[in-house]
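The block underneath contains the structure these notes are about, expressed in structure tokens.
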Amino acid sequence: MGSAVIVDIVRTGSGKGKPGGALSGIHPVNLLAQTLRALLERNDLDPATIDDVIAGCVSQAGEQTLNIARNAILAAGLPESVPGTTVDRQCGSSQQAVHFAAQGVLAGAYDIVVACGVESMSRVPMGYSSVDQDPNRGPLSARYPEGLIGQGVSAELIAARWNLDRETLDEYSARSHQRAAQVTEAGGFQREIVPITVDGRVHDTDQTLRASTTVEGLSGLKPSFVDDRLQQRFPEINWSITPGNSSPLTDAASAALIMSEKKASELGLTPRARFTDFAVTGSDPLLMLTGVIPATEKVLKRSGLSIDDIDAYEVNEAFAPVPLAWLKDLKADPEKLNPRGGAIALGHALGASGVRLLATLVNHLEDTGGRYGLQTMCEGGGMANATIIERI
């Protein structure tokens, strides 16, 4: 069997996911279209040779509905012969797009494929797609009679059950901003960020990053999810999740050019990394965000690698307790965890985040000479994806 490789991978800078954010003035179709064009122009690739475009997007409603992958292909001026499809595995949507793309290459179904993602949380807010209807509470009430809970409360439960106090969460969150700020100052994100033009101006930085963040500043923020009814149901909760130790609402897009190693050689393109293994798993939908632990264990077992063989880990910072609980259970090296900062600083644009993490991971391995990188993403409903790549 041949191998599937990443020839190139890009992302936009993050925009605050609310009206007035740096990317709130651009239609999400056009945001993804500009990202796709930038990826292809960087590699001088004939777009007619693309077998498929697979896009992750969570809130598939309003401007993000009717298969945003296909709409972005057409808006980008790609040939009408290029197909596209949109997938939803919640926060792992574009990571799943990467899995489908690479697995299609490995299966011989694709030679060249683009895996990408987009989310405009300023224009299509979280929850908008349910149109005030009930997608799961009623249908799942027989199995979960007390009801499922929101992700913020799930994060509170993780913090309580893994003995992660408020100070620990805030310290980790400040570190995320500090690490991301150091990389930004050194120009370390320049290879992965492509400029986006919005209303005649260019956006090419991470607007969600706050270089001045301190533990002292974070300590003054009020908890976001305090609920007296849920306190009775879960008396162990200490209410320590705040806007400062959570990922911010974000607008962004990302895209990866994936192909067989043979095709890359034929085209004279130099691969940057190859896929080693993949895993996806379900987990307790009440805790919801802990799937990163069994997903990591599963992908390591499949690959025959140990956690110590991995040179860098990207564990999505949806909330600070998630990577910290992962770190405890995997007994991993904290210095290798999100070494360039994570979603708390760089933003979490839901459908775009999986490829964003992968872009950061590829560039970090290149800059440090590392060989293996692991990425894992917690997902709504209790799931997680995990991916291992090898730098070439």
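The listed residues are Gly152, Gly138, Gly117, and the only one of them that is part of a strand (DSSP E or B) and open to solvent by less than 50 Å² (accessible area, probe 1.4 Å) turns out to be Gly117. For the stretch 383-391, the criterion of a residue being of a type in the set (Asp, Glu), out of contact with any Pro (no Cβ under 8 Å at 6 or more places or on another chain), assigned to a strand (DSSP E or B) and open to solvent by 20 Å² or more (accessible area, probe 1.4 Å) is satisfied by at least one position.
Yes or no, residue by residue, for (1) among the polar types (S, T, N, Q); (2) under 25 Å from Gly152 (Cβ atoms); (3) within 18 Å of the chain's Cα centre (by Cα):
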site: Phe278; (1), (2), (3): no, no, yes
site: Lys298; (1), (2), (3): no, no, no
site: Leu305; (1), (2), (3): no, no, no
site: Glu317; (1), (2), (3): no, yes, yes
site: Pro323; (1), (2), (3): no, yes, yes
site: Glu335; (1), (2), (3): no, no, no
site: Gly341; (1), (2), (3): no, yes, yes
site: His348; (1), (2), (3): no, yes, yes
site: Glu366; (1), (2), (3): no, no, no
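None of Pro294, Pro235 is open to solvent by 20 Å² or more (accessible area, probe 1.4 Å) and part of a loop (DSSP other than H, G, I, E, B) except Pro235. Out of all the residues in the stretch 262-282, which are of a type in the set (Gly, Ala, Ser) and open to solvent by less than 30 Å² (accessible area, probe 1.4 Å)? Result: Ala264, Ala273, Ala279.
Annotation note: Cβ proximity below 6 Å between a residue of the stretch 89-113 that is part of a helix (DSSP H, G or I) and a residue that is among the hydrophobic types (A, V, I, L, M, F, W, C) and open to solvent by 10 Å² or more (accessible area, probe 1.4 Å) (sequence gap 6+ or interchain) occurs for Ser93/Val58; Ser93/Val87; Gln96/Val87; Ala97/Val87; His99/Phe278; Ala102/Phe275.
Note on the stretch 11-26: residues that are surrounded by fewer than 24 Cβ atoms within 10 Å (Cβ to Cβ) and not in a loop (DSSP other than H, G, I, E, B) total 1. Residues that are surrounded by fewer than 24 Cβ atoms within 10 Å (Cβ to Cβ) and out of contact with any helix residue (DSSP H, G or I) (no Cβ under 6 Å at 6 or more places or on another chain) within the stretch 68-95 comprise Arg70, Leu74, Gly77, Glu80, Ser81, Pro83, Asp88, Gln90, listed in sequence order. Just one of the listed residues (Ala69, Ala55) is outside any strand (DSSP E or B) and of a type in the set (A, V, I, L, M, F, W, C), and it is Ala69. Count of the stretch 155-170 residues, restricted to those that are buried (at least 17 other Cβ atoms within 10 Å of the Cβ) and assigned to a helix (DSSP H, G or I), is 10.
The values are calculated or read from the model by the stated rules, or taken from the named source; none is laboratory data. Please read these numbers as outputs of a predicted model, since none were measured by experiment. Reconstructed Cβ throughout: ideal geometry from the backbone, glycine too, with neighbour counts over all protein chains shown. Keep in mind that these areas ignore ligands, DNA and RNA; they rest on the heavy atoms of the full protein, side chains included. Shrake-Rupley method; radii C 1.70, N 1.55, O 1.52, S 1.80 Å.
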